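The values are calculated or read from the model by the stated rules, or taken from the named source; none is laboratory data. Note that the structure is predicted; figures quoted are calculated from it, not measured. In this analysis, Cβ positions are derived from the backbone assuming ideal geometry, glycine residues included, and neighbour counts consider all displayed protein chains. Accessible surface areas use protein heavy atoms only, side chains included; no ligands, DNA or RNA. Shrake-Rupley method; radii C 1.70, N 1.55, O 1.52, S 1.80 Å.
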Amino acid sequence: MRAKIVAQFVALACAWGSSFLFIKVALAGMTPGQVVWGRLVLGALTLSAIVIVTRSRIPREPGLWLRLSVVAVLLCVVPFLLFSWAEQHLASGMASILNATTPLLTLVVSTVALADERLTRRRTAGLLTGFLGVLTLIGASGLSGGGHLGAELACLGATTCYGFAFVYLRRHIAPRALPAVSVAFVQVAIGALIMLAATPWLARSAPRLDTGITLSMVALGAVSTGLAYLWNNNIVQAWGAVNAAAVTYLTPVVGVTAGVVLLDEQLTWNQPLGAGLVIVGILAAHGAPRPAHRPAESTGSAGSTAPESAERISGAATPVADSTERIAP
């Protein structure tokens, strides 16, 4: 069982880290909107198959579907569009590093939006260190307008959307203790429906598909957006949400390596330095992974303990109590 979870952890890091590579390849023949259309439709089909196989319960309350529509927009549609647009101007490795700011921006949002979240001295130091890393990544050329500041800000806008989505999940969805696979399916399916509704506008220019683009889209949708939810859920249940957060530190490594090796992207000095500062900031603000605590009582409606269900609800990579969920590329 442990070997299986380790294998899924490695697969998850590779799937989320390489998603930026898949986006970059797909953009050679598709518009950003078409990339997101394919990603969400393929992801929804994959998750629907997982729901059928696992016989997961699908929520039916209209109010819950409305709230999950908010999550779909904040966690899927808008950030996916921002990352896809940004990668027209940025290297895929750079986008993967900027995606790693999600825990820091989630902490900022939760501090403002949640009454029980307060900035401690340790968290403040972590945030300052992390944002120093962001400034290092953007560099002097970006700040002076000589780089691609707009694209870099779009990536940060995407991770800010993730932050709002995770806080919204904690406040409105997590208390219901629903199975994570079902919730993931609903939010991705709603995102797919939104993009399907936009098809007339996205179809104005026909995509130019070749083998590489097609395979990248299948991997991006079925693996990085579909199977990754299942793997993350399994890891959280086996190791606890905090230990599962270690994937945060591997996805930028995978993203940068894939870009350099497969796309001949240039690795500049500020990228590893900035990424290192971001990771140090995350560790300072949230602490290092530690053994999971598994209460043995108070079962929730999904058949697992209530604290575990609260972690599972968003496919979290770190606990809801720490206000930082999974890194969702």
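Quick notes on this structure:
- Tally, over segment 13-31, of residues that are surrounded by fewer than 24 Cβ atoms within 10 Å (Cβ to Cβ) and not in a helix (DSSP H, G or I): 4
- From the list Ile282, Ile327, the lone residue that is modelled with pLDDT under 50 and within 17 Å of Gly130 (Cα to Cα) is Ile327.
- For Leu220, the conditions (1) surrounded by fewer than 24 Cβ atoms within 10 Å (Cβ to Cβ); (2) in contact with a Phe, Trp or Tyr (Cβ under 9 Å, 6 or more places away or on another chain) all hold with the exception of (1).
- Tabulated pairs, segment 91-116, first over 30 Å from Gly259 (Cα atoms), second polar (S, T, N, Q) and open to solvent by 10 Å² or more (accessible area, probe 1.4 Å), C-beta under 8 angstrom, 6+ apart or interchain: Val109/Thr160
- Tally, over segment 120-134, of residues that are touching a residue at least 12 places away in the same chain (Cβ under 8 Å) and open to solvent by 20 Å² or more (accessible area, probe 1.4 Å): 7
- Residue check, Ser96 of a type in the set (S, T, N, Q), touching a Lys or Arg at 6+ places or on another chain (Cβ under 7 Å) and modelled with pLDDT of 85 or more: no
- Residues of segment 185-225 that are β-branched (Val, Ile, Thr) and without any contact (Cβ under 8 Å) to a residue 60 or more places away in the chain: Thr211, Thr214.
- All of Ala15, Ala49, Ala28 fail the test of being touching a Lys or Arg at 6+ places or on another chain (Cβ under 9 Å) and not hydroxyl-bearing (Ser, Thr, Tyr), apart from Ala28.
- Count of segment 238-273 residues, restricted to those that are at pLDDT below 85 and crowded, with 16+ Cβ neighbours inside 10 Å, is 15.
- Restricting segment 8-26 to residues that are modelled with pLDDT of 95 or more and among the aromatic types (Phe, Trp, Tyr), the residue that is farthest from Thr248 (Cα to Cα): Phe22
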